[in-house]
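Each value in this text was obtained by applying a stated rule to the coordinates, not by laboratory testing. Computed from a predicted structure; not experimentally measured. A quick note on method: Cβ atoms are made from the backbone with ideal geometry, for glycine too, and the neighbour counts reach across all protein chains shown.
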Amino acid sequence: MLTIFLYALVFGFVFCLSPGAVLAETLRRGLLHGFIPALLVQVGSLVGDAVWAVIGLTGIALLIQHDAVRVPLTVICALYLAWLGVLSLLDAWRLPAMDNAPAGSGQNALAVGAAISLANPKNIVYWGALGSALSGIVGATPSHGQTLMFFAGFMLASVLSCFLTAALVNLMRKHASVRWHRISYATCGLVLIYLAVLAAQGI
């Protein structure tokens, strides 16, 4: 069980700390409003991660592969990422004033993180692969206990990554120059739009 837990920790950190839409939006929100909104984007993404984890580890992934489900999800994901990318480019063009989180920004950041994760059907590919990896680790079809242990390890890594990422973004917010803020916003915008294009190509 300990081996399964350690493998899950490693996979969880790799998944959460890899560049992507959630990380880009965390950076954008964190530069604008600080630690709490950046953390809430990350926490919101855990909702989607947990949903996709259950789907991937229970074999429901086969349903998501049908075009009737996959195509609408992919279109929603592409449009949403493109919209977030445009917002980030606008922030780079007209640098917004940094402030403490305004009323309602926390709830919005939480919803954005969840929406990015839930609208990304590519997560099911990752979790389908992890389901296969778990079978390889145990050398047979994993039991419910082994699956729960793997899920627990992954989610622990995800929670720790939330705080680590938000703290690093907040540190950058406090110490980076205005030029680097513009570069960061622009980079986030381009990354989000690029991810939107990649998602659209998968239709």
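State the Kirkwood hydrodynamic radius of region 134-203 in Å, one decimal place, computed from all pairs of distinct Cα atoms. Mind showing how you got there, number by number?
Details: mean 1/r = 0.0631 Å⁻¹.
Roughly 15.9 Å, rounded to one decimal.
Work out from phi, with θ = phi - 60° and the Karplus expression 6.51 cos²θ - 1.76 cosθ + 1.60, the ³J(HN,Hα) of each residue of region 177-182, listed in order in whole Hz, and give x for Gly and Pro.
6, 4, 4, 5, 5, 4
Show me 154-164, 172-182, 2-12 ranked by packing, highest mean number of other Cβ atoms within 10 Å first.
Most protected by this proxy first, the peptides run 154-164, 2-12, 172-182.
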